[in-house]
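Report on the following structure.
Readers should treat all values here as calculations from the given coordinates under stated rules, not as data from a laboratory. Small disclaimer: the values here were computed from a predicted structure and weren't measured. FYI the Cβ positions are ideal-geometry reconstructions off the backbone, even for glycines, and counts take in every protein chain you see.
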Amino acid sequence: MSLQKQIMTSMKEAMKSKDTIALEALRAIKSELLLAQTKSGAAEGLSEDEEIKLLQKLVKQRKDSAALYTKEGREDLAEPEIAQAEVISKFLPEQLSAEELEQFIEGIIAETGASSMADMGKVMGIASSKLAGKADGKSISTVVKAKLSK
């Protein structure tokens, strides 16, 4: 089932259960999908990779907003953002665990022969393309820095 159909089905369920937070998150996904489709002029829809990037962007926005609200002491605003991020995350592929991510990065470092922070760009490029949708850029970057700075 395409992402748009999944979103519509979930929206109907959220409306029936009167789940306003989920409904708001689902409407945001639907809106972003429509904007991306009209921007790219894609008549048949977006590719799976484009959909994943779009969902990751929405989750990151929600988490960043929640972090800002928490920093300012506004838990009342942070909680809905975190809840929306969780709703959106359900449509993403399963994320790698920290151990799996470290093993994958170690494999890429061995494959490329990277030995210092100067090689970080090369490792990040390969890791970001291979791990698209399975890990966010920030966690990939953190692991790569830790491995290359040893």
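Stokes-Einstein diffusion of the stretch 98-148 at 37 °C, 0.692 mPa s viscosity, Kirkwood radius from Cα pairs, rounded to a whole number: 313 µm²/s. Note on the chain: GNM, Cα springs under 10 Å; of L34, L92, L58, the largest mean-square fluctuation is that of L34. Listed by chain and number, the lysines whose C-alpha is less than 20 Å from the C-alpha of K60, apart from same-chain residues fewer than 8 away, are K30, K71, K90, K130, K134, K138. Summing Lys and Arg as +1 and Asp and Glu as -1 over all other residues whose Cβ lies under 11 Å from the Cβ of S89 gives a net charge of +1.
Whats the longest run of the chain with zero GluC sites (Glu not before Pro) that are DSSP loop and have at most 16 other Cβ atoms within 10 Å?
95-150
Note on K57: aspartates and glutamates with a C-alpha under 18 Å away, same-chain residues under 8 apart excluded, are E24, E32, E48, D49, E81, E86, E94, D136.
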